[in-house]
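Everything on this sheet refers to the single structure shown next.
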């Protein structure tokens, strides 16, 4: 416990991040002050949203300062503490960074977790973390699907998307997923229980719109949107009256300097439909409610989660980039220790 | 009463309509069947939405068939009737076309109106017609402004926009309008009571965003959007948390073959904001309620309406095109007889 390896942001990526935008630096393990505690990070969550934090743009959080380690949700163990309620050996979860050691403080985002009550402690970064809570509150509170409706999920093989589809099925909806290759599409229907899956690759807006019409013969009442671009264009072509689009992410734009947005905006008037942005941070106070419900469904076998764990902080760049190449199968997690 | 001049759609406009897309034809006055009545049209409403009806695109109404007269709301007088409740001499309002005579039917969109209870019968095409009801229900039912909020109105010197601004002031909000020249901006503040007006001409997204920040120092809680394009881009940059954008129109796109849409869609996530399409047709059953309230405010001098009336069906093309050049001052109406 003398060194702290940190995956530092050196330069703001221009479009797609390249290895030179980052540097793995070694610093001394930081000291802690009164009310603080030292966290030995074991796992870091790798999420598409982190790409946005690397830009110098107005967002819901300040940009990661250049020279700072890349911000990430982590789980780890308290190594040292001058804070009440955080004893050494206690597992914790919080918004920290991709580094061996982070400093937490009472009243910050870091909370104790209990690894005994979950199949794997990493589930706190998937089903019971921001990912699961985004799916739960985004679908039920923002999109508000009705039992007899059809829910279209884009980025459906991703961590959030795969959960949204399963929640839509639990609610009684028809679930249609869009993903990026035949293998992923097979996973959507066979593993996650989607009623239909669409491979977007090689399809233009017209072909995608036709594929959605086939997969959703009664039209689309809810879109849980993670992607944007031509996939959102086709989704907006497919809406029923008073449909609701929950906008969770726009992964197709994160590595681009172009803004595409919602080109078929006119369809909102035609269908008196809405697009609403959603962010899981708004529901932090209700996480216990969401986690309890998710845990119940998971224990009943009604919801499954896949995690794709790459090992080693030295592999942080490659692991992160899987999110954009789509070479991960499940929630992307980096094992640090 | 032997001839029926009709302003016919000959060809679907490619971008901006040109005179050759239309033809003024003369046909015999149509006969009427049982349950029908003949309307002598006196005034036709000219609205941006009509441009959309000329395209062969999926919308909330079927396209105007080629060879048919251009669909429009009209007011006129029953000339002949085989329908109960519609006696000759009765003033009526309905969705008809730009032509001397239209055939109405019981159970259709045409309703009797009383010219005695309004300052001018043309007010049925402005304050008490689709325009006024769009402003009333669009603002109060879709955008739901709070008393202490700021409402940004785009296309604010237009027929709907000028009413929206006045309704926002009645509600107690700060009203900021965007329009296309200094004279219109002066009209916004001096005649319609907007707190501030922004001339969009010559301003790019950054300059517009800065102008909105100055005119709306507490940010924007509601946008009543009539325009789209760079004006919507700047509006989305200016939203407060949980802001609501009521999407009424996209006049900047109607004569374009490009779809621009909402490029700054990411801001919906940053601000957990929404864009909702609105169409006055959804509120037809509540028009009496809206008209009564508008009439009360008008009689108290709290709301004014300007009408720009061009004369002669032979001038239909030029009058319609004023909507896009912005050379009208007030609700655009064509006097037919």
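Only residues that are surrounded by fewer than 24 Cβ atoms within 10 Å (Cβ to Cβ), in contact with a strand residue (DSSP E or B) (Cβ under 9 Å, 6 or more places away or on another chain) and within 19 Å of residue B:211 (Cβ to Cβ) were counted in segment B:156-196, giving 12. Whether a residue is outside the structural domain of residue A:52 (by TED's automatic domain parsing) and more than 24 Å from residue A:140 (Cα to Cα) was assessed, and residue A:187 does not pass this test. Selection of segment A:158-203 for residues being under 21 Å from residue A:324 (Cβ atoms) and assigned to a loop (DSSP other than H, G, I, E, B) yields A:158, A:180, A:181, A:200, A:201, A:202, A:203. For segment B:106-125, residues that are within 15 Å of residue B:49 (Cβ to Cβ) and modelled with pLDDT of 95 or more total 1. Here segment B:231-249 is the region considered, the condition is being farther than 18 Å from residue B:203 by Cα and within 22 Å of the chain's Cα centre (by Cα), and the residue that is nearest to the other protein chains (Cβ to nearest Cβ) is B:247. In summary, residue B:251 fulfils each of the numbered conditions (1) surrounded by fewer than 19 Cβ atoms within 10 Å (Cβ to Cβ); (2) in contact (Cβ under 8 Å) with a residue 60 or more places away in the chain with the single exception of condition (1). Which members of segment A:305-337 meet the condition of being without any contact (Cβ under 8 Å) to a residue 60 or more places away in the chain and at positive phi? Passing the criteria: only A:312. Just to be sure before I move on: is residue A:323 under 15 Å from residue A:155 (Cβ atoms) and away from every other protein chain (no Cβ under 14 Å) in the structure I sent? Yes; evaluated as a whole, the condition is true for this residue. Residues of segment A:56-77 that are surrounded by fewer than 21 Cβ atoms within 10 Å (Cβ to Cβ), modelled with pLDDT of 95 or more and out of contact with any helix residue (DSSP H, G or I) (no Cβ under 8 Å at 6 or more places or on another chain): A:65, A:66, A:67, A:68, A:77. Being surrounded by 22 or more Cβ atoms within 10 Å (Cβ to Cβ), touching a helix residue (DSSP H, G or I) at 6+ places or on another chain (Cβ under 7 Å) and either in a strand (DSSP E or B) or at positive phi (or both), is that true of even one residue in segment A:145-152? Looking for residues that are surrounded by 22 or more Cβ atoms within 10 Å (Cβ to Cβ), touching a helix residue (DSSP H, G or I) at 6+ places or on another chain (Cβ under 7 Å) and either in a strand (DSSP E or B) or at positive phi (or both), one finds at least one in segment A:145-152, hence yes.
Every residue, every condition in (1) more than 19 Å from residue A:60 (Cβ to Cβ); (2) in contact (Cβ under 8 Å) with a residue 60 or more places away in the chain; (3) facing chain B (nearest Cβ under 7 Å), yes or no:
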| site | (1), (2), (3) |
| --- | --- |
| A:213 | yes, no, no |
| A:218 | yes, yes, no |
| A:268 | yes, no, yes |
| A:278 | no, yes, yes |
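Would you be able to tell me the number of residues in segment B:87-107 that are over 20 Å from residue B:5 (Cβ atoms) and over 21 Å from the mean Cα position of the chain (by Cα)?
We begin by selecting, within segment B:87-107, every residue over 20 Å from residue B:5 (Cβ atoms); these are B:87-91, B:93, B:105-107.
Restricting the remaining residues to those that are over 21 Å from the mean Cα position of the chain (by Cα) gives B:87-91, B:105-107.
Residues flagged as over 20 Å from residue B:5 (Cβ atoms) and over 21 Å from the mean Cα position of the chain (by Cα) within segment B:87-107 amount to 8.
Which one of these is loosely packed, with under 15 Cβ neighbours inside 10 Å, touching a residue at least 24 places away in the same chain (Cβ under 8 Å) and under 30 Å from residue A:218 (Cβ atoms): A:272, A:302?
On the way: A:272 fails: loosely packed, with under 15 Cβ neighbours inside 10 Å.
Answer to the check: A:302.
Summed over segment B:42-61, the residues that are more than 13 Å from every other protein chain (Cβ to nearest Cβ), under 12 Å from the mean Cα position of the chain (by Cα) and part of a loop (DSSP other than H, G, I, E, B) give a count of 2. Taking the condition buried (at least 22 other Cβ atoms within 10 Å of the Cβ) and either in the same structural domain as residue B:270 (by TED's automatic domain parsing) or within 21 Å of residue A:272 (Cα to Cα) (or both), does residue B:222 pass? Taking the combined requirement at face value, the residue satisfies it.
The values are calculated or read from the model by the stated rules, or taken from the named source; none is laboratory data. For clarity, every value in this text was computed on a predicted model and none was experimentally measured. So basically every Cβ, Gly included, is an ideal-geometry build from the backbone, and we count neighbours across all protein chains shown.
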